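The values are calculated or read from the model by the stated rules, or taken from the named source; none is laboratory data. Remember, it's a predicted structure, so these values are computed and weren't measured experimentally. No Cβ is skipped: glycine too gets one built from the backbone with ideal geometry, and neighbour counts run over all protein chains shown. Accessible surface areas use protein heavy atoms only, side chains included; no ligands, DNA or RNA. Shrake-Rupley method; radii C 1.70, N 1.55, O 1.52, S 1.80 Å.
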Amino acid sequence: MTVQQWPEGPGADQDAARERYTSDMRATRAAVREVFRADMPAAHGGVAVVVVASVLVGCFAGPVTGGLVAAGFAGLFLVALAVMYLRGIRGADAWRRSYLFTFGWANWI
């Protein structure tokens, strides 16, 4: 049997320590969700960046290469949409979540 070492010492209340740990984890996860939150204007900006990048790559490296950039993001969107359907999320919510996942990174550029 393994004895757990608590920061409060051997006489610590284990339930209180677990509750503190759980509440700290909830607060940390909430902060991470807030940092990585994407919204629709940012996703629209991401689409604009992908379109501009595809056109620029198409002008300088050839239309096939520009098409591959656009097709890569379209493929990522379709994979995200398939994952949403597999998770049981349907309709407009699945499209919105896939769109935010694929293009919501524009907040960080």
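One residue stands out in segment 77-103 among those that are aliphatic (A, V, I, L, M) and either in a loop (DSSP other than H, G, I, E, B) or in contact (Cβ under 8 Å) with a residue 24 or more places away in the chain (or both): the one that is surrounded by the fewest Cβ atoms within 10 Å (Cβ to Cβ), namely I89. Pairing residues of segment 57-74 that are of a type outside the set (G, A, S) with residues that are open to solvent by 50 Å² or more (accessible area, probe 1.4 Å), at Cβ distances under 7 Å and at least 6 apart in sequence or on separate chains, gives V57/T65.
Of the residues A74, A16, the single one that is open to solvent by less than 80 Å² (accessible area, probe 1.4 Å), at pLDDT below 95 and assigned to a helix (DSSP H, G or I) is A16.
When segment 49-61 is filtered for residues that are closer than 18 Å to F77 by Cβ and surrounded by fewer than 12 Cβ atoms within 10 Å (Cβ to Cβ), only V52 remains.
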